[in-house]
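Following: one structure in structure tokens, then a few remarks.
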Amino acid sequence: MMKNTGIYKFIVILLLLVVVKEAKGQSPTIDEQWWIDMVQWDGVSHWSEYQIHSPAYLGPNALPIPVMTDGRVNNVSALTTAGQFHFSKGDNTQNLALYLNYNFLKDVISVDLFFIPVEFFQMSHAKKVERRVYYRFYDVSNATGDAYVNTTFRVLSEEKNKLDMAIRIGLKSASGGNYNPARFTDTPGYYFDLSVGKALGEQRLFRPYAMVGFYSWETNEDVLPQNDALMYGIGLEYSKGSVSVKNEWTGYNGYKNNGDKPSVYRLTFSKEYSRLIVGAKYQYGLRDYDYHTIETSIGYKFYRENK
């Protein structure tokens with residue numbers, strides 16, 4: 001009898017351990033009370049005020065570091081379609097990207113557009129807690145991104161001044177959809193920068209360049225709702241014939257110190273085939289941008305560039 005009692009106790013303890021393990025493995029109940037406890041709601045403020053509008057607490061396309069300028073005006077009028085794949089711990093994102101550049105006057109002025117028509121994402125529970133996602137949008141998994149419009153002007157040309165110099169003015173729209181699950185800001189912004197560059201050597205295969213500028217965007221805060229940042233970047237391009245390879249380090253530093261100082265390394269490759277432009281890019285997040293990004297692209301030139 002004592003032997004059987006010991007076996008029964010062992011079975012009961014084993015069952016209890018299984019039940020406890022299962023209970024620990026269950027996901028929390030995602031409801032209003034869960035969100036209230038998570039953010040310590042004051043009972044008055046709108047849920048969006050508990051999110052942080054900075055690159056470290058949003059999706060990879062919310063406040064991306066703009067494409068670097070290199071002292072020149074882009075003379076190629078083309079439409080480019082790209083697929084981007086962002087990888088990070090707790091947030092994996094895939095999106096379509098559209099680039100459109102139109103050159104109004106060779107070496108003088110061009111206008112370009114960048115737009116994310118759709119992105120799909122998979123965020124872990126821990127990442128949703130970190131970003132304070134509102135409970136009603138907990139299961140959202142896709143969104144529409146913002147549009148960026150830039151105008152670039154030539155200031156100096158290397159042929160006459162031994163140095164290329166250009167100014168860019170950019171505007172960020174508030175068109176992004178589903179900012180609710182901490183993907184976009186739903187606020188406008190603007191930036192401007194000055195860049196310089198110069199080709200080196202007799203064959204002019206290498207071209208170092210640098211950029212400095214200012215970036216400002218609206219946040220969701222009642223006090224000091226605008227974040228201002230210093231933009232910067234340095235790069236080196238190797239180009240020969242129809243092939244171009246760029247190495248860049250770029251980013252911007254906001255003043256609020258709340259994850260608003262993103263910095264990345266970029267390696268970009270492109271090759272032209274008549275009117276087609278094939279490209280690939282790898283981007284590594286160094287600070288406040290916890291993503292590794294792979295991009296593949298194909299573009300079509302509206303007309304052949306006049307040499």
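Of the residues in the range 200-207, none is in contact with a strand residue (DSSP E or B) (Cβ under 9 Å, 6 or more places away or on another chain), closer than 20 Å to Pro117 by Cβ, aromatic (Phe, Trp, Tyr) and open to solvent by 10 Å² or more (accessible area, probe 1.4 Å). Answer with yes or no whether Val223 is farther than 30 Å from Val129 by Cα, hydrophobic (A, V, I, L, M, F, W, C) and either without any contact (Cβ under 8 Å) to a residue 40 or more places away in the chain or in contact with a Gly (Cβ under 7 Å, 6 or more places away or on another chain) (or both). So Val223 fails the test.
The values are calculated or read from the model by the stated rules, or taken from the named source; none is laboratory data. Bear in mind that the values here come from a model prediction, so they are computed numbers and not experimental data. All Cβ positions, glycine included, derive from the backbone under ideal geometry; neighbour counts span all protein chains shown. When the accessible area is computed, the model is the full protein with side chains, heavy atoms only, and any ligands, DNA or RNA have been set aside. Shrake-Rupley method; radii C 1.70, N 1.55, O 1.52, S 1.80 Å.
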